[in-house]
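K.L.:
Starting off with a structure, shown below.
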Amino acid sequence: MTEIASGAWAAALTPLNEDLSIDHAAYDAHVRWLFATGCAGVAALGTTGEANSFSVRERLELIEHLSQGGHDSDRILIGVGCCAAQDTIELTRAALNAGFHNVMMLPPFYYKNVSDEGVFGAYARVIEAVNDPRLNVIIYDIPPMTGFKIGVDLLRRLRETFPDTVIGVKNSSGDWSAMEATLAELPGFKVFAGTEQFLLQTLRAGGPGCISATANVTSRSLAEIYANWRSDKADAPQQAATRNRLALQKHPPIPALKEIMAAVRQRPEWRRLRPPMTNLSNAEAEALLATVRELGLDLA
């Protein structure tokens, strides 16, 4: 089993060409920029990356292009969860074959009010079909998108059944009590917070860090928190990170983050989104960029 890096990870945005296909050159440049600005790792093809707006073929192409970048596999996490098991299996195998052993796996999310037994069965089917000792799975718990929570009991069962494969969870519920309970009840399980708002709390409770959308633009300050989390030197940066997150999340996250990137890079093409996402209005964009200036974010 390979390791997965600790610290603040960015859930990477996906830049697009004019025809709304993935701009692979810009994507690679963005990944390198995220690493250069202090990200512990990059999660590709997650919610922030608009993954579920891309076909399986498009995702396979991104995995292939990403593999050519020479990145440390411990610092790359590939999003692979789909509604159809066979699609998840295909993406997981492609990630492994490309040298990426860490994947973030959504449960099948179309059907709501499903049982823990059903969710367990969905994960078991994929893991057993892939049947590869190299595989590390981070369970992706994002109730606002899936419509259901993945609780401690289900995580415990997955860990006990697949101890060398299911290594952690990304909890994007926004509920610190759920993250805290998982950290307490499953020692050694890699519980990533889905927001930097809980980065320091997670680290001090024994977790590895966070995987955050807003880390696309806040990575420098988050690296400072991770570097100093064992001392009170991290307290003030965490307060600032929480302030920044709460201010930025008032805006629709993907359009807002792409608007910021367009301004930072002076590349208006960064504003491109796949429907159903829509761009901010001019007034919304001006208000957002005013907020960025007020926060004093270091986006050089």
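K.L.:
By what distance, in whole Å, do the Cα atoms of the stretch 19-98 stretch along each of the three principal axes, largest value first?
P.N.:
If we take the Cα atoms of the stretch 19-98, the spans are 36, 31, 21 Å.
K.L.:
Shifting gears a bit: If I stretch the segment between A129 and E286 completely, what's the gain in nm (0.36 nm per residue apart, minus their alpha carbon distance), one decimal? Could the numbers behind the result be given before it?
P.N.:
On the way: separation 157, 0.36 × 157 = 56.52 nm, distance 4.91 nm.
Value of the extension gain: 51.6 nm.
K.L.:
In the stretch 1-74, which trypsin sites (Lys or Arg not before Pro) fall in coil by DSSP and have 15 or fewer other Cβ atoms within 10 Å? Working shown, then result.
P.N.:
Working: sites: R32, R57, R59; in loops: none.
Filter output for the stretch 1-74: empty list.
K.L.:
Still on this structure: If you filter the stretch 218-279 for trypsin sites (Lys or Arg not before Pro), then keep DSSP loop positions with at most 13 other Cβ within 10 Å, what is left?
P.N.:
R230, K250
K.L.:
Taking the stretch 95-180, which trypsin sites (Lys or Arg not before Pro) meet the DSSP loop condition and have no more than 10 other C-beta atoms within 10 Å? Could the numbers behind the result be given before it?
P.N.:
Values: sites: K112, R125, R134, K149, R156, R157, R159, K170; in loops: K112, R134, K149.
Passing both the DSSP loop test and the Cβ count: K112.
K.L.:
Taking every DSSP beta bridge that has both residues in the chain, what percent is antiparallel when rounded to the nearest 5? Mind showing how you got there, number by number?
P.N.:
Numbers: 1 of 28 bridges.
Bridges in the chain are about 5 percent antiparallel.
K.L.:
Something else now. What percentage of all Cα-Cα pairs in the chain are separated by more than 37 Å?
P.N.:
9 percent
K.L.:
Over what distance in Å are the Cα centres of the stretch 139-163 and the stretch 169-227 separated?
P.N.:
When both Cα centres are located, 16 Å separates them.
K.L.:
Under unit Cβ charges (Lys, Arg +1; Asp, Glu -1), what dipole magnitude, rounded to 20 debye, does the chain have relative to its Cα centre? Let's see the in-between values first.
P.N.:
Numbers: 28 positive and 34 negative charges, 72 e Å.
In debye, rounded to 20, the chain gives about 340.
K.L.:
Using the Karplus curve 6.51 cos²θ - 1.76 cosθ + 1.60 with θ = phi - 60°, what ³J(HN,Hα) values do you get for each residue of the stretch 269-279, in whole Hz, with x for Gly and Pro?
P.N.:
Working through the residues one at a time gives 5, 5, 6, 5, 9, 8, x, x, 5, 10, 6 Hz.
Each value in this text was obtained by applying a stated rule to the coordinates, not by laboratory testing. This structure is a prediction, so every number in the text was calculated from the model and none was measured. In this analysis, Cβ positions are derived from the backbone assuming ideal geometry, glycine residues included, and neighbour counts consider all displayed protein chains.
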